[in-house]
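The values are calculated or read from the model by the stated rules, or taken from the named source; none is laboratory data. Since this is a predicted model, take the numbers as computed values, not measurements. Neighbour counts are summed over all protein chains in view; Cβ atoms, including those assigned to glycine, are modelled from backbone coordinates with ideal geometry. Please note that ligands, DNA and RNA were not included when accessible areas were found on the heavy atoms of the full protein model with its side chains. Shrake-Rupley method; radii C 1.70, N 1.55, O 1.52, S 1.80 Å.
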Amino acid sequence: MIAIVDYDTGNLCSVCNALARIGVEFCVTSDADKIRSADKVLLPGVGEASSAMQKLEERGLASVIKELKQPVLGICIGMQLMCRHSEEGDVDCLGIFDTDVRRFEADSTSGVKVPHMGWNSIEQLSTPLFDNLNDGCFVYFVHSFAPDICNDAIAVSCNGRSFAAALAKGNFYGTQFHPEKSGDVGEQILKNFMAL
Amino acid sequence: MVAKRIIPCLDVKEGRTVKGVNFVGLQDVGDAVELGRAYAAQGADELVYLDISATVEGRNTFTSLVERIAQNINIPFTVGGGISTIDDAARLLDVGADKISINSAAVRNPSLIDEIAAKYGSQFVVLAIDAKRVDGRYLITTHGGRQLTNRELFAWAREGQERGAGEILLTSMDHDGTREGYPCDLFAELSQQLSIPIIASGGAGSVEDIADVLSKGRADAALAASIFHYGEITVGELKRRLKEYGIKVRV
C-alpha cells in the first residue's frame, strides 16, 4: 500500500488521480502507524512552506517522516520541506537533503517570471527515478522558491538561476516539479518510483 | 528557460464542448474529456475549459465534467466561466481543477482575487482581462466585451498581480475573432510591467501570429480555439513550426 501523507496543505486530488491512472493502490492518511507501515510514502503539498512545516509538526509527522526507511517521494512543497531551510517564511525544515530553498528573482530584461510556471527541461538526470527518460525531457513546474544545487541533486533545471529540480538521498526522493501533471514523462517517473 | 506554452481553449455548454466540427479522428468531438485527451496527446501544454452554460443545470453538469477531466487528463487545466465567489472556486478545486480563471467578477469585486489567492495560492488564480482601445487608452471590458469600464488595463493588471493573481490571460477585444494577429506592442508593454506570466488570447490567424506574440510580444503562452478546433493545424504541428522560429517549446 502507498501512503499519501495528508497534512492539510491543500488539494491531494491530482496526486490521487495520477496514481489511479497508473493503477496503484493508495490511501490518504495522517496516521503515523499507517505511514510507517506503508510500502512507499508520498509527501505532496501546495501552499506556503512555513505553514506547511508547522502543519507537519502539529500532526507529529516531522519526526515520523525523517525516520522512514521505505522509499519516500516529496513533491513540490513536500520536497522543499525535506531540505534544510526555506526562505519562504524563514523556516527550518526536515534537513534530509543537504540544501536550502530560495526565492527566484523576476527579471523583465531577460524575461524571467515568478512564479516559474509551465514546462521546463531537466538535465543531468540520475538514479532509477529517471529510468527510461533522457536529459532534456520536459516536466511541469509551479513554484516561486527552489532548492540550490547540491550533492543530492539528481536533476537540474534553470529559471534565471540553475536549481535542483529533483533530489535524492538514501531512500528519500523529491521533485520540485509535479510528476502528477507532467504528462507521459510524469507518469513514467511515478512508475519508476513505484518500482524502487 | 521555461518553454512557451500552447493552450487550446474548449467552450463547454451544458456539459458538451461546442465548436470543433472538423476535428479529425474523434468519435465524439462534443465529449470534453475525449477532446482534451486528444489535445494532450498532440502536445498541448495545458487546457482551458470555459463554461458558457446559461443555466444552473449546466453549471452543475460542468462540475461533474471537471471531475472527469481531472481523473483522465495528465496535464494541467484551467476552468473558467461563471466563477463569482470563493465557494465557486472551492467547488472546482475540490473536484480537481488546477487553476480557475476569473474575469467580470474580479472587476466587480477585486478582493475576490485576494480571497482565492490567500486560501488556495496564486498558482490557482488566473486573472482574465478583456481590453479594448478607446481614445488611445486600453480600458477593461466585462461580460464578454459588452460592457466598458473606466478601469485602465495596465493599472488593473498590476493591481491583479499585487492582489495575488498568478497569471494574466489578456484578450484584446479589438483583435479577438479577427484572425489578423495579436497587438504585440501591447503584450510586450504588459510583460515589461508585470513579473507574473502572461497568456495571449484572441486574434491568432496563423503560425506567424503566434510566433510573433511569443517573441516580439514576450507572452509566456498563447491560447487559441478556432485554429485547433477546425483542424487547420494540430497543436503538435504548430509547436514544431514554432521551434523552427527559434521559440523554446516542449516537443
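Quick notes
- When region B:40-71 is filtered for residues that are more than 14 Å from chain A (Cβ to nearest Cβ) and of a type in the set (D, E, K, R), the ones remaining, listed by number, are B:ASP51, B:GLU57, B:ARG59.
- A single member of B:LYS239, B:LYS243 is charged (D, E, K, R) and touching a strand residue (DSSP E or B) at 6+ places or on another chain (Cβ under 8 Å), and it is B:LYS239.
- Set side by side, the residues A:SER50, A:SER63, A:SER110 differ, and just one is within 17 Å of the chain's Cα centre (by Cα) and among the polar types (S, T, N, Q), which is A:SER50.
- Residue count, region B:224-242 (criterion: outside any helix (DSSP H, G or I) and either within 14 Å of chain A (Cβ to nearest Cβ) or of a type in the set (A, V, I, L, M) (or both)): 3
- Cross-chain or 6+ apart pairs with Cβ under 9 Å, region B:63-81 first and of a type in the set (Asp, Glu), then assigned to a helix (DSSP H, G or I): B:GLU67/A:CYS13; B:GLU67/B:ASP94
- Some residue of region A:105-112 being within 14 Å of chain B (Cβ to nearest Cβ) and under 19 Å from A:LEU56 (Cβ atoms): no
- Residue among A:THR9, A:THR29 that is of a type in the set (S, T, N, Q) and within 11 Å of chain B (Cβ to nearest Cβ): A:THR9
- Only one entry of A:SER110, A:SER162 meets the criterion of being without any contact (Cβ under 8 Å) to a residue 40 or more places away in the chain and surrounded by fewer than 21 Cβ atoms within 10 Å (Cβ to Cβ), and that entry is A:SER162.
- Of all residues in region B:154-191, those satisfying the criterion of being open to solvent by less than 20 Å² (accessible area, probe 1.4 Å) and among the polar types (S, T, N, Q) are B:THR171, B:SER172, B:SER191.
- Residues that are of a type in the set (A, V, I, L, M, F, W, C) and either touching a Pro at 6+ places or on another chain (Cβ under 7 Å) or under 19 Å from A:CYS150 (Cβ atoms) (or both), drawn from region A:88-121: A:VAL91, A:CYS93, A:LEU94, A:ILE96, A:PHE97, A:VAL101, A:PHE104, A:MET117
- Among the residues of region B:204-223, those identified as surrounded by 23 or more Cβ atoms within 10 Å (Cβ to Cβ) and either more than 12 Å from chain A (Cβ to nearest Cβ) or within 20 Å of B:LYS132 (Cα to Cα) (or both) are B:ALA204, B:ILE210, B:VAL213, B:GLY217, B:ALA219, B:ALA222, B:LEU223.
- Residue in region B:128-147 that is aliphatic (A, V, I, L, M) and within 14 Å of chain A (Cβ to nearest Cβ) present: no
- Residue pairs meeting the criteria (Cβ under 8 Å; at least 6 apart or on separate chains; first within 30 Å of B:ALA165 (Cβ to Cβ) and within 14 Å of another protein chain (Cβ to nearest Cβ), in region A:126-149; second of a type in the set (Phe, Trp, Tyr) and assigned to a loop (DSSP other than H, G, I, E, B)): A:VAL139/A:PHE177; A:TYR140/A:PHE177; A:PHE141/A:PHE177; A:SER144/A:PHE104; A:PHE145/A:PHE104; A:ALA146/A:PHE104
- Selection within region B:177-202: residues that are within 13 Å of the chain's Cα centre (by Cα) and not β-branched (Val, Ile, Thr). The member of this set that is farthest from B:LEU127 (Cα to Cα) is B:GLY202.
- Of residues in region B:98-148 being polar (S, T, N, Q) and either in contact with a Cys (Cβ under 6 Å, 6 or more places away or on another chain) or part of a strand (DSSP E or B) (or both), the one surrounded by the fewest Cβ atoms within 10 Å (Cβ to Cβ): B:GLN147
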